[in-house]
Amino acid sequence: MAFWFLMLVTDLLVPLIMVGFGGRFARHAPREINGLIGYRTPRSMRNRDTWEFAHHYSGRLMFRWGLALLPLSVLALLP
């Protein structure tokens, strides 16, 4: 039983991280344009406007896909 609980927790890590960071990025982009945290592509790092737009857009996508993956991750463990 402990093995299946561990598998459930590890399977839910990625969707939960996607929901958490997606919600955070959809509301607030990181303050500084940096190469460490955030949606880092050469185009998104050109200026502040593209940085904020890229984070708001990708944050919404990560949040939605994270919510969609949560039940799928649980269903994958049922068989």
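The values are calculated or read from the model by the stated rules, or taken from the named source; none is laboratory data. All of these numbers come straight from a predicted model, not from anything done at the bench. Cβ coordinates were reconstructed from backbone atoms using ideal geometry, including for glycine residues, and neighbour counts include every protein chain displayed. For accessibility, only protein heavy atoms count, side chains too; no ligands or nucleic acids. Shrake-Rupley method; radii C 1.70, N 1.55, O 1.52, S 1.80 Å.
When the Gaussian network model of the chain links Cα atoms closer than 10 Å, the mean-square fluctuations of 35, 59, 23 top out at 35. Put a plus charge on the Cβ of each Lys and Arg, a minus charge on the Cβ of each Asp and Glu, and nothing anywhere else: the dipole of the chain about its Cα centre is then about 300 debye.
For the chain, which whole percent of the accessible surface, found with a 1.4 angstrom probe, sits on carbon and sulfur atoms? Don't jump to the answer; show the numbers that get you there.
Details: 4200 of 6080 Å².
Answer for the chain: carbon and sulfur cover 69 percent of the accessible area.
Is the C-alpha gyration tensor of the chain telling us rounded, prolate or oblate? Criteria: a/c under 1.5 is rounded; beyond that, a/b larger than b/c is prolate, otherwise oblate. Judged from the Cα gyration tensor, the chain comes out prolate (a/c at least 1.5, a/b above b/c).
Label-to-label distance, residue 53 versus residue 2, with points set 7 angstrom from Cα along the beta-carbon direction: 5.3 nm.
What FRET efficiency comes out for residue 31 versus residue 60 if R0 is 22 angstrom and r is the Cβ-Cβ distance? Round to the nearest 0.05.
Between residue 31 and residue 60 the formula returns 0.65.
Normalised per residue, the accessible area of the stretch 24-74 is 76 Å², obtained with a 1.4 Å probe and no contribution from ligands, DNA or RNA. When 32, 52 are compared by accessible surface with a 1.4 Å probe, the order from highest to lowest is 32, 52.
Considering only protein heavy atoms, with the full assembly of protein chains and a 1.4 angstrom probe, order 28, 56 by accessible area, largest first.
Values: 28 100, 56 55 Å².
Sorted descending by solvent-accessible area, the residues read 28, 56.
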